[in-house]
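Worksheet: the structure to be examined is printed underneath.
The values are calculated or read from the model by the stated rules, or taken from the named source; none is laboratory data. Note that the structure is a prediction, hence the values are computed from the model and not measured. Don't worry about glycine lacking a Cβ; one is built from the backbone with ideal geometry, like all the others, and counts go over all protein chains shown. Surface accessibility is based on the protein's heavy atoms, side chains included, excluding ligands, DNA and RNA. Shrake-Rupley method; radii C 1.70, N 1.55, O 1.52, S 1.80 Å.
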Amino acid sequence: MQGQAQQQAYDRGITIFSPDGRLYQVEYAREAVKRGSASIGVRAKDGVVLVVDKRIRSPLMEETSVEKIHKADNHIGIASAGHVADARQLIDFARRDSQVNRVRYDEPIGVESLTKDITDHIQQYTQVGGARPFGVALLIGGIEDGEPRLYETDPSGTPNEWKALAIGSGRDDIQQHLEDEYSEDVALEDAVGLALAGLGEVHEDGLTPEGIGVATVDAESGSFIELTNDEIEEYLVENDLLAEDDEGDADADADEQSE
(Lines give C-alpha, C1' and ligand atoms only; values in the text may rest on other atoms or scores of the structure.)
Protein backbone atom coordinates (compact mmCIF):
# COMPACT_ATOMS: atom_id res chain seq x y z
CA MET A 1 0.00 0.00 0.00
CA GLN A 2 2.83 2.36 0.82
CA GLY A 3 4.40 1.76 -2.61
CA GLN A 4 1.11 2.55 -4.34
CA ALA A 5 0.77 5.78 -2.35
CA GLN A 6 4.27 6.82 -3.40
CA GLN A 7 3.52 6.11 -7.07
CA GLN A 8 0.30 8.16 -6.88
CA ALA A 9 2.34 11.07 -5.54
CA TYR A 10 4.55 10.99 -8.63
CA ASP A 11 1.47 10.57 -10.84
CA ARG A 12 0.07 13.87 -9.62
CA GLY A 13 3.24 15.87 -10.05
CA ILE A 14 4.13 16.50 -13.67
CA THR A 15 7.43 18.13 -12.74
CA ILE A 16 8.52 15.39 -10.32
CA PHE A 17 10.67 12.46 -11.38
CA SER A 18 9.95 9.08 -9.83
CA PRO A 19 12.87 7.37 -8.07
CA ASP A 20 13.59 5.36 -11.22
CA GLY A 21 13.74 8.51 -13.38
CA ARG A 22 10.29 8.42 -14.97
CA LEU A 23 7.75 11.16 -15.61
CA TYR A 24 4.48 9.29 -15.31
CA GLN A 25 2.32 11.99 -16.90
CA VAL A 26 4.47 11.93 -20.04
CA GLU A 27 4.10 8.16 -20.22
CA TYR A 28 0.34 8.50 -19.83
CA ALA A 29 0.35 11.03 -22.67
CA ARG A 30 2.07 8.41 -24.85
CA GLU A 31 -0.74 6.01 -23.98
CA ALA A 32 -3.24 8.61 -25.19
CA VAL A 33 -1.39 8.66 -28.52
CA LYS A 34 -1.67 4.86 -28.79
CA ARG A 35 -5.43 5.10 -28.33
CA GLY A 36 -5.78 7.57 -31.19
CA SER A 37 -6.54 6.42 -34.73
CA ALA A 38 -3.51 5.67 -36.87
CA SER A 39 -1.47 8.12 -38.92
CA ILE A 40 1.27 7.09 -41.35
CA GLY A 41 4.10 9.01 -42.98
CA VAL A 42 6.33 7.78 -45.81
CA ARG A 43 9.30 9.64 -47.27
CA ALA A 44 9.66 8.92 -50.99
CA LYS A 45 12.53 9.91 -53.25
CA ASP A 46 10.39 12.68 -54.75
CA GLY A 47 8.12 13.72 -51.90
CA VAL A 48 6.35 12.85 -48.67
CA VAL A 49 3.05 11.03 -48.10
CA LEU A 50 0.75 11.39 -45.09
CA VAL A 51 -2.14 8.95 -44.60
CA VAL A 52 -4.61 9.01 -41.69
CA ASP A 53 -7.45 6.88 -40.39
CA LYS A 54 -10.34 9.24 -39.68
CA ARG A 55 -12.34 6.69 -37.65
CA ILE A 56 -15.81 8.10 -38.40
CA ARG A 57 -18.00 6.81 -35.55
CA SER A 58 -21.41 7.32 -37.15
CA PRO A 59 -22.86 7.62 -40.67
CA LEU A 60 -24.48 10.84 -39.45
CA MET A 61 -21.12 12.47 -38.83
CA GLU A 62 -19.84 14.87 -41.48
CA GLU A 63 -16.56 13.36 -42.70
CA THR A 64 -15.09 16.80 -43.47
CA SER A 65 -15.34 17.72 -39.77
CA VAL A 66 -12.81 15.02 -38.83
CA GLU A 67 -9.49 16.81 -39.34
CA LYS A 68 -6.33 14.77 -38.90
CA ILE A 69 -4.26 16.17 -41.78
CA HIS A 70 -3.37 19.84 -41.70
CA LYS A 71 -1.50 22.26 -43.92
CA ALA A 72 1.08 24.10 -41.83
CA ASP A 73 2.62 25.99 -44.77
CA ASN A 74 2.62 25.66 -48.55
CA HIS A 75 5.39 23.05 -48.35
CA ILE A 76 4.60 21.31 -45.04
CA GLY A 77 1.80 18.99 -43.93
CA ILE A 78 1.10 17.59 -40.47
CA ALA A 79 -0.79 14.45 -39.42
CA SER A 80 -1.75 13.69 -35.82
CA ALA A 81 -2.62 10.81 -33.51
CA GLY A 82 -4.05 11.29 -30.03
CA HIS A 83 -6.21 14.06 -28.58
CA VAL A 84 -7.58 16.12 -31.46
CA ALA A 85 -7.94 19.28 -29.37
CA ASP A 86 -4.29 19.09 -28.33
CA ALA A 87 -3.32 18.60 -31.96
CA ARG A 88 -5.21 21.73 -32.99
CA GLN A 89 -3.28 23.81 -30.48
CA LEU A 90 0.03 22.56 -31.86
CA ILE A 91 -1.12 23.06 -35.46
CA ASP A 92 -2.02 26.67 -34.66
CA PHE A 93 1.42 27.13 -33.10
CA ALA A 94 3.07 25.62 -36.20
CA ARG A 95 1.15 27.90 -38.55
CA ARG A 96 2.04 31.01 -36.55
CA ASP A 97 5.66 29.97 -36.41
CA SER A 98 5.72 29.41 -40.17
CA GLN A 99 4.20 32.81 -40.90
CA VAL A 100 6.51 34.62 -38.48
CA ASN A 101 9.49 33.06 -40.26
CA ARG A 102 8.21 34.27 -43.64
CA VAL A 103 7.64 37.81 -42.37
CA ARG A 104 10.92 37.98 -40.46
CA TYR A 105 13.26 36.30 -42.95
CA ASP A 106 11.26 36.46 -46.21
CA GLU A 107 11.67 32.70 -46.76
CA PRO A 108 9.74 29.53 -45.93
CA ILE A 109 10.61 27.83 -42.67
CA GLY A 110 12.62 24.61 -42.78
CA VAL A 111 10.91 21.36 -41.83
CA GLU A 112 13.57 20.60 -39.23
CA SER A 113 13.40 24.10 -37.74
CA LEU A 114 9.60 23.97 -37.48
CA THR A 115 9.73 20.53 -35.86
CA LYS A 116 12.24 21.67 -33.26
CA ASP A 117 10.21 24.80 -32.50
CA ILE A 118 7.13 22.64 -31.94
CA THR A 119 8.97 20.14 -29.75
CA ASP A 120 10.51 22.98 -27.71
CA HIS A 121 6.95 24.19 -27.10
CA ILE A 122 5.82 20.67 -26.16
CA GLN A 123 8.77 20.17 -23.82
CA GLN A 124 7.85 23.25 -21.78
CA TYR A 125 4.67 21.45 -20.70
CA THR A 126 6.74 18.73 -19.04
CA GLN A 127 8.37 21.26 -16.70
CA VAL A 128 5.57 23.63 -15.75
CA GLY A 129 3.46 22.94 -12.69
CA GLY A 130 -0.31 23.14 -13.08
CA ALA A 131 -0.21 22.00 -16.72
CA ARG A 132 -0.20 18.62 -18.40
CA PRO A 133 1.72 17.31 -21.41
CA PHE A 134 0.15 17.33 -24.86
CA GLY A 135 -1.57 13.97 -25.41
CA VAL A 136 -0.75 13.88 -29.11
CA ALA A 137 2.04 12.92 -31.48
CA LEU A 138 2.58 14.59 -34.86
CA LEU A 139 4.04 13.53 -38.17
CA ILE A 140 5.54 16.55 -39.91
CA GLY A 141 6.37 16.06 -43.59
CA GLY A 142 7.59 18.55 -46.14
CA ILE A 143 10.26 19.71 -48.54
CA GLU A 144 13.43 21.47 -47.39
CA ASP A 145 16.02 22.63 -49.94
CA GLY A 146 14.40 20.36 -52.52
CA GLU A 147 14.66 17.27 -50.29
CA PRO A 148 11.76 15.40 -48.65
CA ARG A 149 11.86 15.33 -44.84
CA LEU A 150 9.68 13.46 -42.34
CA TYR A 151 9.72 14.03 -38.56
CA GLU A 152 7.84 12.74 -35.53
CA THR A 153 7.13 14.66 -32.33
CA ASP A 154 6.68 12.89 -28.99
CA PRO A 155 4.75 14.09 -25.89
CA SER A 156 8.10 14.41 -24.12
CA GLY A 157 9.20 17.02 -26.67
CA THR A 158 11.64 14.76 -28.52
CA PRO A 159 11.93 15.12 -32.34
CA ASN A 160 13.01 12.20 -34.52
CA GLU A 161 13.48 11.99 -38.29
CA TRP A 162 12.13 8.92 -40.10
CA LYS A 163 12.00 7.35 -43.54
CA ALA A 164 8.60 5.80 -42.77
CA LEU A 165 6.59 5.73 -39.56
CA ALA A 166 3.20 4.90 -38.07
CA ILE A 167 1.74 6.42 -34.91
CA GLY A 168 -1.52 5.72 -33.09
CA SER A 169 -3.49 2.50 -32.71
CA GLY A 170 -2.21 -0.54 -34.58
CA ARG A 171 1.24 1.02 -34.79
CA ASP A 172 3.16 -2.25 -34.35
CA ASP A 173 1.42 -4.05 -37.24
CA ILE A 174 1.65 -1.07 -39.56
CA GLN A 175 5.28 -0.37 -38.67
CA GLN A 176 6.20 -3.99 -39.34
CA HIS A 177 4.63 -3.73 -42.80
CA LEU A 178 6.55 -0.53 -43.52
CA GLU A 179 9.83 -2.06 -42.37
CA ASP A 180 9.26 -5.11 -44.61
CA GLU A 181 8.16 -3.22 -47.72
CA TYR A 182 9.86 0.18 -47.63
CA SER A 183 12.58 1.09 -50.10
CA GLU A 184 14.48 4.39 -50.17
CA ASP A 185 14.01 4.74 -53.93
CA VAL A 186 10.21 4.41 -53.73
CA ALA A 187 8.35 6.91 -55.92
CA LEU A 188 5.68 9.21 -54.50
CA GLU A 189 2.74 7.36 -56.08
CA ASP A 190 4.06 4.01 -54.88
CA ALA A 191 4.58 5.49 -51.42
CA VAL A 192 0.86 6.32 -51.30
CA GLY A 193 0.08 2.67 -52.03
CA LEU A 194 2.58 1.53 -49.40
CA ALA A 195 1.04 3.73 -46.71
CA LEU A 196 -2.49 2.63 -47.62
CA ALA A 197 -1.43 -1.01 -47.57
CA GLY A 198 0.03 -0.43 -44.11
CA LEU A 199 -3.28 0.98 -42.92
CA GLY A 200 -4.99 -2.02 -44.49
CA GLU A 201 -3.03 -4.22 -42.06
CA VAL A 202 -5.37 -3.07 -39.27
CA HIS A 203 -8.55 -2.95 -41.39
CA GLU A 204 -9.29 -6.52 -42.45
CA ASP A 205 -12.58 -5.50 -44.11
CA GLY A 206 -10.84 -3.00 -46.39
CA LEU A 207 -10.75 0.78 -46.55
CA THR A 208 -13.24 3.40 -47.69
CA PRO A 209 -12.31 6.75 -49.26
CA GLU A 210 -14.51 8.56 -46.72
CA GLY A 211 -12.77 6.92 -43.76
CA ILE A 212 -9.21 7.93 -44.57
CA GLY A 213 -7.28 11.02 -45.54
CA VAL A 214 -4.28 11.27 -47.86
CA ALA A 215 -1.98 14.19 -48.55
CA THR A 216 1.28 14.55 -50.46
CA VAL A 217 4.05 17.11 -50.66
CA ASP A 218 5.79 16.85 -54.01
CA ALA A 219 9.50 17.67 -54.14
CA GLU A 220 9.36 19.22 -57.62
CA SER A 221 6.54 21.67 -56.92
CA GLY A 222 7.09 21.84 -53.15
CA SER A 223 3.32 22.01 -52.68
CA PHE A 224 1.06 20.39 -50.12
CA ILE A 225 -1.90 18.66 -51.81
CA GLU A 226 -4.75 16.82 -50.09
CA LEU A 227 -6.30 14.11 -52.26
CA THR A 228 -10.04 13.99 -53.00
CA ASN A 229 -12.20 10.94 -52.24
CA ASP A 230 -12.24 10.01 -55.93
CA GLU A 231 -8.45 10.09 -56.10
CA ILE A 232 -8.19 8.03 -52.90
CA GLU A 233 -10.64 5.49 -54.31
CA GLU A 234 -8.47 5.05 -57.40
CA TYR A 235 -5.50 4.18 -55.18
CA LEU A 236 -7.60 1.78 -53.11
CA VAL A 237 -8.87 -0.02 -56.22
CA GLU A 238 -5.37 -0.16 -57.71
CA ASN A 239 -3.97 -1.72 -54.52
CA ASP A 240 -6.99 -4.00 -53.92
CA LEU A 241 -7.78 -2.34 -50.60
CA LEU A 242 -11.31 -1.06 -51.24
CA ALA A 243 -13.97 -2.35 -48.83
CA GLU A 244 -16.47 -4.75 -50.42
CA ASP A 245 -19.49 -2.42 -50.15
CA ASP A 246 -17.54 0.34 -51.83
CA GLU A 247 -16.40 -2.04 -54.56
CA GLY A 248 -20.05 -2.51 -55.50
CA ASP A 249 -20.60 1.26 -55.55
CA ALA A 250 -17.48 1.72 -57.69
CA ASP A 251 -18.68 -0.90 -60.19
CA ALA A 252 -22.09 0.75 -60.37
CA ASP A 253 -20.52 4.14 -61.03
CA ALA A 254 -18.38 2.63 -63.77
CA ASP A 255 -21.47 1.07 -65.38
CA GLU A 256 -23.32 4.40 -65.29
CA GLN A 257 -20.40 6.16 -66.93
CA SER A 258 -20.17 3.54 -69.67
CA GLU A 259 -23.87 3.70 -70.57
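Numbers below:
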item	result
Top-ranked residue in region 46-75 [being among the basic types (Lys, Arg) and assigned to a loop (DSSP other than H, G, I, E, B); ranked as surrounded by the fewest Cβ atoms within 10 Å (Cβ to Cβ)]	Arg57
For Glu210: the one exception among (1) open to solvent by less than 90 Å² (accessible area, probe 1.4 Å); (2) under 18 Å from Ile40 (Cα atoms); (3) modelled with pLDDT of 95 or more	(3)
Filtered residue count, region 173-216, keeping only those that are assigned to a loop (DSSP other than H, G, I, E, B) and touching a His at 6+ places or on another chain (Cβ under 6 Å)	1
Residue tally, condition open to solvent by less than 30 Å² (accessible area, probe 1.4 Å), part of a strand (DSSP E or B) and under 28 Å from Ala131 (Cβ atoms), over region 153-170	3
Which numbered condition Asp173 fails, given (1) touching a strand residue (DSSP E or B) at 6+ places or on another chain (Cβ under 7 Å); (2) open to solvent by 20 Å² or more (accessible area, probe 1.4 Å); (3) at pLDDT 95 or above	(1)
Odd one out for Ile232 among (1) modelled with pLDDT under 95; (2) within 30 Å of Ala32 (Cα to Cα); (3) touching a Leu at 6+ places or on another chain (Cβ under 9 Å)	(1)
Single residue of region 215-242 satisfying the filter (of a type in the set (A, V, I, L, M) and in contact with a strand residue (DSSP E or B) (Cβ under 6 Å, 6 or more places away or on another chain)) that is surrounded by the fewest Cβ atoms within 10 Å (Cβ to Cβ)	Ile225
Count - residues of region 134-152 that are surrounded by fewer than 24 Cβ atoms within 10 Å (Cβ to Cβ) and farther than 21 Å from Leu178 by Cα	4
Residue within region 136-146 that is more than 15 Å from the chain's Cα centre (by Cα), of a type in the set (D, E, K, R) and not in a helix (DSSP H, G or I) present	yes
Residue, most open to solvent (accessible area, probe 1.4 Å), within region 77-121, restricted to residues that are farther than 24 Å from Arg43 by Cα and touching a strand residue (DSSP E or B) at 6+ places or on another chain (Cβ under 6 Å)	His83
Residues that are among the aliphatic types (A, V, I, L, M) and farther than 30 Å from Glu220 by Cα, drawn from region 16-52	Ile16, Leu23, Val26, Ala29, Ala32, Val33
Meets criteria (within 28 Å of Asn229 (Cα to Cα) and assigned to a strand (DSSP E or B)) for Arg43	yes
Top-ranked residue of region 77-114 - restricted to ones that are among the acidic types (Asp, Glu) and part of a helix (DSSP H, G or I), ranked as farthest from Ser39 (Cα to Cα)	Asp97
